[in-house]
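This report refers to the structure that appears directly beneath it.
The values are calculated or read from the model by the stated rules, or taken from the named source; none is laboratory data. Model, not experiment: these values are computed from the prediction. Positions of Cβ are backbone-derived with ideal geometry, glycine not excepted, and every protein chain shown enters the neighbour counts. Only protein heavy atoms, including side chains, enter the accessible area calculation; ligands, DNA and RNA are left aside. Shrake-Rupley method; radii C 1.70, N 1.55, O 1.52, S 1.80 Å.
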Amino acid sequence: MFNDIGPLELVTIVVIAVLVFGPDKLPKVIQDVTRTLRKIREFSESAKEDIRQELGPEFKDFELEDLNPKTFIRKHLDADELGLKEIRNGFDLKKEMAEVTDAVNSREAESSPAASGSGSSAGGRIDMTKRPEGPGGDERPPFDVDAT
């Protein structure tokens, strides 16, 4: 319940409580607060039980925390009915990156003789600037039917 309260904050709360209520009334206030928290917890549990009874036996394992979208998704994905673990384990990122690197390196090796043979002033170096390549004079730009 109070997972994000540190020790210094807890000491500060205790000191302020002693200053506000005084050492004589503080035990009575603590009893009243704990009694109120117990009543709220009992009310919450009875409300959950009433909801479960109204929903019927098919929802007997229903938890109100399941209504949180993150919890709902985590619960259903951890069941692994979709086979996501096999997909995740079957994907080797290092292997895929090595294949992409090899493909890029082979494309550079194929295009570098053509670039150096055209008499470029770069002395056989590859131009790494990002210049937009427009279509030729009579060439139309690519058209994607699904995009329109």
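For the range 37-79, the C-alpha radius of gyration divided by 2.2 N^0.38 Å, with N the number of residues, is 1.36. Take the Cα radius of gyration of the range 1-50 and divide it by 2.2 N^0.38 Å, N being the number of residues; the result is 1.48.
Given a 1.4 Å probe and every protein chain left where it sits, what share in percent of the accessible area of the range 11-73 is carbon and sulfur?
Details: 3610 of 5470 Å².
In the range 11-73, the share of accessible area belonging to carbon and sulfur is 66 percent.
Applying the Karplus relation 6.51 cos²θ - 1.76 cosθ + 1.60 with θ = phi - 60° to the range 30-47 yields 3J(HN,Hα) values of 4, 4, 5, 5, 5, 4, 5, 4, 4, 5, 5, 5, 5, 4, 5, 5, 5, 5 Hz, where x marks Gly and Pro. The residues of the range 11-100 expose on average 90 square angstrom of accessible surface per residue, using a 1.4 Å probe on protein heavy atoms. Taking Cβ atoms as reference points and 14 Å as the exclusive limit, the residues near E42 contribute a net charge of +2, counting Lys and Arg as +1 and Asp and Glu as -1.
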